[in-house]
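In what follows, a structure is listed as structure tokens, so that the remarks can point back to it.
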Amino acid sequence: MKSSYFLFILFCLFSFTHSAKAQKHAFDESYRPQFHFTPEQNWMNDPNGLIFFEGEYHLFYQHNPNAKEWGFMHWGHAVSKDLVHWEHLPLAIYPDNDSKDKEYATAFSGSAIVDKNNLLGKQKGDAATLLAFYTSKDNGQRIAYSLDKGRTWEKYEGNPVIAFDEKDDARDPKVFWHEESQRYIMVLWRMPEGKKSAEGISIYSSENLTDWTYESHLAGFYECPDLVELPVDRRTDDTRWVIFDGDGSYLIGDFDGKRFKPETPKMQGDFGKNYYATQTFNNLPADDGRTIQLAWMRGGEYPDMPFNGQMTFPTELALKNYLEGIRLVRTPAKEIELLHEKGDTWEDKNLIPGLNKNLTRKVKGDCLHIQGTFDLKSVNSFGFVVRSSRKETGVEIRYDATKQVLSCLGQGVLLSPEDNKIQLEILIDRTSIELFGNGGKAVLSSCYTADPDAQELVLYNTGGELLVEKLDIYPLKSMYEVD
């Protein structure tokens, strides 16, 4: 009897300990990203309604709650206080059930704002109303509103605010306040009269958020438009507007509240395999001073996982002057440092091919933050091989100094040295690599799969000497760990 009782106590202790560990670190599947947002389960694509409100970052996203494939779109929802640790919330916006063909009209992409002046007339008490603008399939552009900090949502009774036109495909409204014209602006992807050659971004304005006036159209864009103002070289007295395509490509120019006037040709914003549906956060605190962007990593693979889809890590946008003109730069949000574990640093290490052992041989892990400045000296090429092992060759990140090309996973981009140096910042997660060259001038965002046990890191150089001016490597904690 005593033996049975003792075994029972041991079983209870084991169960409690196992349960505590599970609660401390959930979402630990082999191919679950550990610091890139994923849904709990099923399909996810475009980020929607990115907004900061009363201490919380809101991330809505295109979501199929019923399967791991695209379809029957809802708005999923999560919140964070630090852009890193996300709390999953219930579904926010459901398909509309008042479509003319009596079928549910799925809720496609859109954006969110704070109705600070209660223009919609829904506010109760002191808490401002959150408004979500979204496309209802074949039912025009619509509004949903929340009176409880985004926890529950109702559909606006005056929907649609821009009617559906069978001859005019339109979707993905991004709404923001334009201070100069003192009006709200909506950028909307459209294909006027169904003409493929005319598809692009239409600009609308409104003083009351429900009556929208067409202002102009800019051809040559496809889906998920965005329009933001950024300082050049951090000078608030010198700004430009940047208009984005769904794939992150962009134009730099001027915007007067009605028309966007380009000053540059269209340029690619990301050169990786898996970058789409970009959107910036609305309503960031004035004292923050940043413009933060998020995108869906389209086309990633997650073998035998309960979910399908991940977001990029949030990035900070800026404009910088180069010899060739003003260009957009993108760097990881500083909040990545919240996940840093104790790292390793190397300085002034001269590497000679064939003579030096792998400098990073002691580094192991599937989640890493790498920051390095490298003097090219006489080198032909250098780079990292990540997620390697005795059985796996790993993924190569390579800079070809002879061709001045930075590449990873079959994608490459021209990147000239600055003072004969290349600066790299790399985010490695279990199923993604985000590579930032020379302060974010060149960015490659790509997904990959690797053997879960392959966790070695190799730094190599070929053809000549490489000076590692400084190299910092930090293992990253999981965003799901509870301190």
Counting helices only, and only those DSSP H runs with n ≥ 4, report the 222 nm mean residue ellipticity of the chain as the sum of -39,500 (n - 2.57) divided by its residues, in deg cm²/dmol to the nearest 500.
-1500 deg cm²/dmol
Additional length obtainable on full extension of the chain from residue 89 to residue 208, 0.36 nm per residue less Cα span:
39.9 nm
Mean-position separation - Cα centroids, the range 188-245 and the range 248-264, in angstrom
8
Evaluate the distance, in nm, between pseudo-label points positioned 7 Å from the Cα of residue 116 and of residue 254 along their respective Cα→Cβ axes.
2.6
Unit charges at the beta carbon, dipole of the range 338-483: most positive-side option, 423, 394, 353
353
Here, residue 393 and residue 154, labelled 7 Å along Cα→Cβ, have an inter-label distance in nm of 6.1
Amide H to amide H, which residues 5 or more places from residue 442 or on other chains are under 5 Å from it, using H placed in the peptide plane?
437
Want the number for residue 26 to residue 355: 0.36 nm per residue separation, take away the alpha-carbon distance, what's left?
114.1 nm
Please give the charge dipole size of the chain, origin at the Cα centre, charges +1 on K and R Cβ atoms and -1 on D and E Cβ atoms. Round to the nearest 20 debye.
1000
Once the Cα gyration tensor of the range 42-334 is diagonalised, semi-axes √(5λ) in Å
26, 22, 21
Alpha-carbon centroid distance for the pair the range 383-403 / the range 27-49, whole angstrom:
26
May I ask for the distance between the Cα centers of the range 407-483 and the range 275-302, given as a whole number of Å?
20
Rounded, prolate or oblate: which one fits the range 347-435, using the alpha carbon gyration tensor with axes a ≥ b ≥ c (rounded when a/c is under 1.5, else prolate when a/b beats b/c, else oblate)?
oblate
Assuming R0 = 22 Å, what is the FRET efficiency of residue 179 and residue 232, from their Cβ-Cβ distance, to the nearest 0.05?
0.75
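Just so you know, all these numbers are worked out from the coordinates, no wet-lab data involved. Treat the numbers as computed from the prediction; the structure is a model and nothing was measured. We place every Cβ from the backbone using ideal geometry, glycine too, and count neighbours over all the protein chains shown.
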